[in-house]
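Engineer: Please read through the structure below; I'll follow up with questions.
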Amino acid sequence: MAHSAVGVIFSNIHDENIPELSKHRTMASIPFGGRYRLIDFALSNMVNSGITTVGIVTKYNYQSLIDHLGSGKDWDLARKDGGIILLPPYSDETDVPYTNRLEALKGITGFLRHRNEEYVVISDCDGIARVDIDDLLGFHEKNGAEITMVYHEEEGAIGSSYYMTLSPDETGRVKSIKINPTLKGKNNVYVNIMVMTREFLINVIQDATVRGLSSFGKDILTKHVDTLKVYGYRFGGYYAGVNSIQKYYQHSMELLDKNVRSELFGARDIYTKVRDSAPSKYIDGAIVKNSLISDGCIVEGTVENCILFRGVKVGKGSVIKNSIIMQDTVIGTGVTLDCVITDKNVVIRDRRHLAGCTELPYFIAKGRML
């Protein structure tokens, strides 16, 4: 990597979008795709581009995130200098957790001051994509930008309670930024990945503090887009924004498409916590079609168009279709599930019949017994 950059990842900033799965964990540690967590994509993008120091901005419910990240060795970030650094939700000046992105950035000013990298790459955890951060930094440097925002062309409603759209010209210079506009047709939607120089970001935070500003998007980006050199970096690859339980289900099911898997996991690795689990076991009579089955599963029944996380057990005579079954869930005998999402450690007793639909999957909370 030719560029010197430090990473900053917000782990809690979109928790309210998917409360079903973020009740006991951060957005960053929501399981995805059988063995991953949402933070793995943002973190792997940075590591694959040579970033060796990443600050993780926390707020609450981050015990599962700490367990997942550990020392950072699975991302080659177990280092004496840098690596993964958990940043608390408090600044040096207050013991009250931040309430917005600008307050969170103010709280990590000390971390930014102690680094010596030239650039800062800021990312949230609500997007699933394989982004070449090195190419993004090259684009930023080539255009002499002060802020570069990554966008993806999407059509129709977004579904999130807060989003931005960009209007770049033919050179990439952003001429306007809109927050929560009514969307029709194709739009350039900001995907919550941004680049600035470290010194510029510190100056922006200081200026916002002095002037009593409260919103990074409304008070800085939209109001000063004419005076700041803001550029839009178009990301044309596969992008999945997780902003509701419906979108989580939709994008999880897209992984059953070989082309989506190839684009998301093909050229560069997506790293995650490694567990030495036994291979999955298929008992005589088991039927599995078009499904992703993780290690440690025991399947005696029928599984079709499903994603099974580690350690799932499917009893004899059970038929599981179009469902996402998370880690260590136990499904009894004679059970029928269709369009169901179970969180971890769920027990579904014998002869239960549960069904949702693709627009509204049936969700079972962590640790429940039905």
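Engineer: Once you have all Cα-Cα distances for the stretch 1-86, histogram them in 10 Å bins from zero and send the whole-percent values.
Structural biologist: Calculated P(r), rounded to whole percents: 18, 52, 25, 5, 0.
Engineer: Given the Cα atoms of the stretch 243-370, and with Rh set as the inverse mean 1/r over their pairs in the Kirkwood sense, what is Rg to Rh to two decimals?
Structural biologist: Values: Rg = 14.2 Å, Rh = 14.8 Å.
Result: Rg/Rh = 0.96.
Engineer: Mean-square fluctuation check for the chain, GNM, Cα pairs under 10 Å: which of Glu146, Glu117, Glu155 is largest?
Structural biologist: Glu155
Engineer: Across every pair of different alpha-carbon atoms, what Kirkwood hydrodynamic radius in Å does the stretch 230-275 reach?
Structural biologist: Working: mean 1/r = 0.0790 Å⁻¹.
Value: 12.7 Å, from the Cα pair sum.
Engineer: Rounded to the nearest whole Å², what accessible area per residue is found for the stretch 90-242 with the 1.4 Å probe?
Structural biologist: Values: 7070 Å² over 153 residues.
The answer is 46 Å² per residue.
Engineer: By the gyration tensor of its Cα atoms, with a ≥ b ≥ c the square roots of the eigenvalues, what is the shape of the stretch 133-179: rounded for a/c under 1.5, prolate for a/b over b/c, or oblate?
Structural biologist: On the way: a/c = 2.34, a/b = 1.85, b/c = 1.27.
Prolate, since a/c reaches 1.5 and a/b exceeds b/c.
Engineer: Tilt of helix 245-254 relative to the longest C-alpha principal axis of the chain, in degrees (0 to 90, nearest 10)?
Structural biologist: Tilt relative to the chain: about 70 degrees.
Engineer: Just the accessible area per residue of the stretch 284-327, please: how many Å² with a 1.4 Å probe?
Structural biologist: For the stretch 284-327, the solvent-accessible area averages 37 Å² per residue.
Engineer: While we're on this one: Return the single residue from Asp350, Asp40, Asp257 with maximal mean-square fluctuation; model: Gaussian network over the chain, springs between Cα atoms under 10 Å.
Structural biologist: It is Asp257.
Engineer: Would you compute, for the Cα atoms of the chain, the largest minus smallest coordinate along each principal axis and list the three values in descending order, in whole Å?
Structural biologist: Sorted largest first, the three principal extents are 66, 49, 39 Å.
Engineer: In whole percent, how big is the carbon plus sulfur part of the accessible area of the stretch 55-149, probe 1.4 Å, protein atoms only? Spell out each step's value before the answer.
Structural biologist: On the way: 1990 of 4430 Å².
Ligands and nucleic acids excluded, carbon and sulfur reach 45 percent.
Engineer: Hey, what angle do you get for helix 39-48 against the long axis of the chain, alpha-carbon based, 0 to 90 degrees rounded to 10?
Structural biologist: Compared with the principal axis, the helix lies near 60 degrees.
Engineer: In deg cm²/dmol, rounded to 500, what helix-only [θ] at 222 nm does the chain give when every DSSP H run of at least 4 residues adds -39500 (n - 2.57) and the total is split over its residues?
Structural biologist: Values: 9 runs with 75 residues, N = 370.
Mean residue ellipticity at 222 nm (helix-derived): -5500 deg cm²/dmol.
Engineer: Hey, another quick one. Identify, among Ala278, Phe235, Val204, the residue whose Cα sits farthest towards the positive end of the charge dipole of the stretch 150-282, taking +1 on the Cβ of Lys and Arg and -1 on the Cβ of Asp and Glu, with the dipole about the Cα centre.
Structural biologist: Ala278
Engineer: Could you tell me which of the pairs Lys23/Lys178; Lys59/Lys178; Lys273/Lys313; Lys106/Lys344 are separated by over 24 angstrom between their Cα atoms in the structure shown?
Structural biologist: Numbers: Lys23/Lys178 30 Å; Lys59/Lys178 27 Å; Lys273/Lys313 22 Å; Lys106/Lys344 35 Å.
Check vs 24 Å cut-off fails for Lys23/Lys178; Lys59/Lys178; Lys106/Lys344.
Engineer: Using the C-alpha gyration tensor of the stretch 44-138, what are the square roots of 5 times its eigenvalues, in whole angstrom, with the largest one first? Kindly include the intermediate steps, with their values, before the conclusion.
Structural biologist: Values: eigenvalues 96, 53, 41 Å².
Working from the Cα gyration tensor, I get semi-axes of 22, 16, 14 Å.
Engineer: Using only Cα atoms, figure out Rg for the stretch 153-192 and give it as a multiple of 2.2 N^0.38 Å. Mind dumping the intermediate values first?
Structural biologist: Details: Rg = 10.0 Å, N = 40, 2.2 N^0.38 = 8.9 Å.
Compactness ratio reported: 1.12.
Engineer: Roughly speaking, to the nearest percent, how much of the stretch 160-275's 1.4 Å accessible area is carbon and sulfur?
Structural biologist: Values: 2600 of 5560 Å².
Carbon plus sulfur share of accessible area: 47 percent.
Engineer: To continue, here is another question. Past the 32 Å Cα-Cα mark, which pairs from Lys247/Lys289; Lys184/Lys218; Lys186/Lys366; Lys186/Lys218? The partial results should precede the final answer.
Structural biologist: Details: Lys247/Lys289 23 Å; Lys184/Lys218 22 Å; Lys186/Lys366 37 Å; Lys186/Lys218 23 Å.
Over 32 Å apart, Cα to Cα: Lys186/Lys366.
Engineer: Compare Val96, Val330, Val150 in a GNM of the chain, Cα atoms joined below 10 Å, and give the one with the largest fluctuation.
Structural biologist: Val96
Engineer: Working from Cα positions, state the angle (0 to 90°, nearest 10) between the long axis of helix 198-211 and the longest principal axis of the chain.
Structural biologist: 80
The values are calculated or read from the model by the stated rules, or taken from the named source; none is laboratory data. Not measured: the values here are computed from a predicted model. Using ideal geometry, Cβ is built from the backbone for each residue, glycine included, and neighbour counts are taken over all protein chains shown. Just so you know, the surface numbers come from the protein's heavy atoms only, side chains and all, with ligands and any DNA or RNA stripped out. Shrake-Rupley method; radii C 1.70, N 1.55, O 1.52, S 1.80 Å.
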